[in-house]
């Protein structure tokens, strides 16, 4: 569990985060969503210690991160895995070397054991044959999967993902979402995902924090978000006509007006009920 | 004011390099990789430059020594001293500032922009110690060696050009080399090369490590790092000469 209380951060005169508090739950996919510039990346960077917050406190399973010295932070960071927006793979290393890097730095395993562990995590992300490829030879989706494999190779307790679906097609995005979701459940991790991908919100958003202009605007899960009356949230989530329609459809489903295996005839027949 | 901000941050960066390594074996591996990159990687260009520096200085010295009262051995003496005192340590390091400096700044800059440095930080690695210290240490080991090789090749180049163009006989050149040789000059050249090695790796590391933006900024910071390194190198050259060669 990661809890943060009244986190504030500003760069010069620009106030990016204003007293944000929330609890990221263990074993769940915790999403931070918001428009570009809403402060979600800065919040995530504060949580992992890449930025120092100006105010507030961060607790990892009850232990204050803000008051930790560098040595304790180093120790904690070995329990943190992070998937970066651009995957952040080391260009000069192969996939295998990339994943083996944290093991070489922090574990006392011999080469054979490390190799077995690398193959395990590669199999977990469905990339069995990519050991000797360089990052430049991989597609965007494959890079993300290697990034995930590297993030989980040390069995972290906390997984942070910054825009895991950026630059990916919708189908690959779903694969990545499902992978992150399954890994979270399998290893009972506290996963924090920074996203503005609506598919992710609907598919894996078990605990959602919506940020607006550096402030906490709304919290809930992917079911509650459909029925939210928060105007700013609705404007953000259901920005297009298509998404608005999808929301209406989910509401009809929830009200039992149409069934989950709906067809167009049924929808057209019930169209009036929706407008009421 | 901006100068002090940069200088302060540069000092903080240097201070941040000295922490206990997370894994000594990995640091050693990185140090050896940098030794190969900086040392072996620069050997070709250093050799070519050195031979031509020596050759040109031999020909130019003979062109300027028009008096028949001056013995031809003087050409070898002048070639030797200019190569050892100035050409090998300074000129070679200026070239290396371009070759190594731009490489270091762009490598670190690219790692910063593509979040690879952040990825290392998240893993709990001191990135200043892991990425910058091995580069500086490797340069301080290999660049003085390169300078020694450059001295030998420079003098050999002068001899080759002098003999080939009929300016001086090989015997006269060898006699001239041994005339009034001051071993302290080599010590002075090595002190300079250690200082220059530090300058041409730490300044580009600073510019690369703290780069902000994208590809354009990486290019800019790489160019800036080479310019600043060269200026600082020439300034250090003057200061060291003033301190160590004037009595």
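What the table below lists for this structure:
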| read-out | value |
| --- | --- |
| Gyration tensor over alpha-carbon atoms, chain A, equivalent ellipsoid semi-axes in Å | 35, 25, 15 |
| Relative contact order of chain B, pairs being alpha-carbon contacts under 8 Å that are 6 or more residues apart, as % | 34 percent |
| Mean shadow area of segment A:1-91, taken as a quarter of the surface of its Cα convex hull (nm²) | 7.0 nm² |
| Fewest-first sequence of B:28, B:156, A:218 by Cβ atoms within 10 Å of each Cβ | B:28, B:156, A:218 |
| Semi-axes of the equivalent ellipsoid for segment B:32-245, Cα gyration tensor, largest first, Å | 40, 15, 14 |
| Alpha-carbon centroids, segment B:15-43 and segment A:165-209: separation in whole Å | 38 Å |
| Diffusion constant of segment A:97-172 at 20 °C, which comes from Stokes-Einstein with the Kirkwood Cα-pair radius and 1.002 mPa s, µm²/s | 164 µm²/s |
| Distance histogram for the protein assembly as shown (every C-alpha pair counted, 10 angstrom bins, percent rounded to whole numbers) | 4, 15, 21, 19, 14, 10, 7, 5, 3, 1, 0, 0 |
| Spatial separation of Cα centroids for segment B:191-245 and segment A:108-143, in angstrom | 39 Å |
| Rg in Å to one decimal, and Dmax rounded to a whole Å, for segment B:192-247 via C-alpha atoms | 13.9, 50 |
| For segment B:28-125, diffusion coefficient by Stokes-Einstein and Kirkwood Rh (Cα), 25 °C, 0.890 mPa s, µm²/s | 147 µm²/s |
| Cβ-based exposure ranking for A:93, B:69, B:14, in which fewest neighbours within 10 Å come first | B:69, A:93, B:14 |
| Between segment B:90-165 and segment A:56-100, the alpha-carbon center distance in angstrom | 30 Å |
| log10 of Debye I(q)/I(0), alpha-carbon scatterers only, for segment B:103-187 at 0.16, 0.19 Å⁻¹ | -0.75, -0.91 |
| Estimated inter-spin distance, residue B:2 and residue B:48, nm [label 7 Å along Cα→Cβ] | 3.5 nm |
| Sequence of A:115, A:247, B:212 once ranked by neighbouring C-beta atoms within 10 Å, starting from the fewest | B:212, A:115, A:247 |
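Any read-out appearing in this document is the output of simple, stated calculations on the displayed coordinates, not a laboratory observation. In this text, all values refer to a predicted model and were calculated from it rather than measured experimentally. Here the Cβ is made from the backbone with ideal geometry for all residues, glycine too, and neighbour counts use every protein chain on show.
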